[in-house]
1. Please name which of Asn386, His355, Val337 has its Cα lying farthest along the dipole of the range 330-428 towards the positive end, using unit charges on Cβ (Lys, Arg +1; Asp, Glu -1) and the Cα centre as origin.
2. DSSP loop (so not H, G, I, E, B), at most 14 other Cβ within 10 Å: list which trypsin sites (Lys or Arg not before Pro) in the range 158-219 pass both filters.
3. In whole Å, what are the extents of the range 97-202 along the principal axes defined by its C-alpha atoms, from largest to smallest?
4. Report, please, the projected area of the range 132-192 averaged over directions, based on the convex hull of its C-alpha atoms, in nm².
5. Give the lysines reachable from Lys39 as a straight Cα distance under 22 Å; neighbours fewer than 8 places away on the same chain don't count.
6. If you scale each eigenvalue of the Cα gyration tensor by 5 and take the root, what three semi-axes come out for the range 33-158, rounded to whole angstrom and sorted largest first?
7. Using a Gaussian network for the chain with springs between C-alpha atoms less than 10 Å apart, which of these wobbles most: Ala121, Ala401, Ala245?
8. Below 11 angstrom from the Cβ of Leu366, what's the summed charge of the other residues (Lys, Arg +1; Asp, Glu -1)?
Amino acid sequence: MIWNETYEKLSRERLKELQSERLINLVKNLYEKVIFYKKKMDKAGVHPNDIKSIDDISKLPFTTKDELRTVYPYGLLAVDLKYIVEIHTSSGTTGTPVVDAYTRHDIEIWSEVMARTLSMAGTTEEDIVQNAYGYGLFTGGLGVHYGARKIGANIIPISGGNTKRQLQIMQDFKSTILTCTPSYCLFLAEVAKEMNIDLSKLNLRAGCFGAEPWSESMRKEIENKLHVKAHDIYGLTEIIGPGVAAECEEQDGLHVYEDHFYPEIIDPETDNVLANGEKGELVITTLTKEGTPLLRYRTRDITFLKPGTCRCGRTSVKMNRLLGRTDDMLIIRGVNVFPSQIEQVLLKIEGTEPHYQLIVNREQHLDFLEVQVEMNEKLFSDEIKNLETTEKKIEGELYIALGIHTKVKLVEPKSIQRSEGKAKRIIDKRTM
Ligand code: DLL
């Protein structure tokens, strides 16, 4: 199902013209309206007149997440605040949140790219979309909502969690399309089994899964257990939310909506642009966004690009499913967690040493984080009861800081391996 034949099957020549026109306008606009970008361009010695086609994009400076934080909350607005109709932010658990502020037109684009995404999974106005992505500042819930609305499908805006109810609703309303994170999807299957619900008897036919890393084997498991075709969908708050790229029925890479988002792959160490097929950091320029457009945004996500017309007929370049991230961010049950945040909490707790290790595991398809932290000798010689109290206390503090439940285990002094170079903080035992 192709939602927008004109744009999704555009010839490469026409696409390049369109991207060039859009980039020229974008750069002019940013130079005039956003001080942050004027300064950056001046510093890089590039003027809007230097940008004559999309090929000139490499003259422009990159934008990083840390820079976005310096202009929180409204420093990136390219329009007057009165034209903003909606705001989303990242969870903010890793520091100052990053903001995406949408104009009416931006919401239109978001609806369009999400209609394309859901159509790739075969969604039509006949479908019943059970949307189990969280609604709120997170972009998953409303992004899917707008796309499904544009298609004219019947949306069940159930949001995340409440698993038994999800399964009840799925049966009662005969949902045909499921949208949620891949790990949650498998958890649904697990609970269905406990409830003796035969998933093969349900009406589910396809799903759009993303927002966290997952693998081919996890896809197979989802497809077998839920009897659906599982599509990988990608996006990030800074760019628009979900709706940057998605998999068609071929399930062989994610089509990037290049008429709106221009992708490049760079070597994260040297910043050099890499050729198609080479692995590196994905960099995206928003070609049509009005509210908070971004130039050459470094996503920190690692992938590679695969050009060529797909068997589905779409002409857009595809990106491989994500291979990892350039930083050490963990995604636990959809929540972004940095070891440094945990460290900050641990360092405040009396009786512990700044030696810790994070063990990530997957049980029943849900991610679990165990935080092992060394206690000092004094605490070590204390009664068991006190150790348990301290563990609970740290778990409580971590929950406040991260928004997720963790298991804290106090370990003997000096039992965590020391390193002469960088400490190995993370042991990720999830097999995907
Ligand atoms: O997760 C947007 C989204 C919502 C995408 C629903 C797909 C479905 P953020 O919370 O800003 O936005 O997190 C963005 O999540 O940079 C990736 O590291 C990771 N991520 C997103 N999609 C995928 C995916 C949303 N399909 C960060 N595979 C991104 C692997 C993904 N990782």
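1. Val337
2. Those that pass, being in a loop and sparsely packed, are Lys174.
3. If we take the Cα atoms of the range 97-202, the spans are 46, 34, 19 Å.
4. 4.0
5. Cross-link targets: Lys28, Lys52, Lys59, Lys65, Lys289.
6. Details: eigenvalues 218, 69, 33 Å².
Sorted largest first and rounded, they come to 33, 19, 13 Å.
7. Per the Cα network of the chain with a 10 Å cutoff, Ala401 tops the list.
8. Values: positive: Arg333, Arg362, Arg430; negative: Glu190, Glu363, Asp367.
Result for the neighbourhood of Leu366: 0.
Taken together, the values in this text are just the output of simple stated rules run on the coordinates, not laboratory data. No experiment lies behind these values; they were computed from the predicted model shown. Note that we place each Cβ from the backbone using ideal geometry, even for glycine, and neighbour counts take in every protein chain shown.
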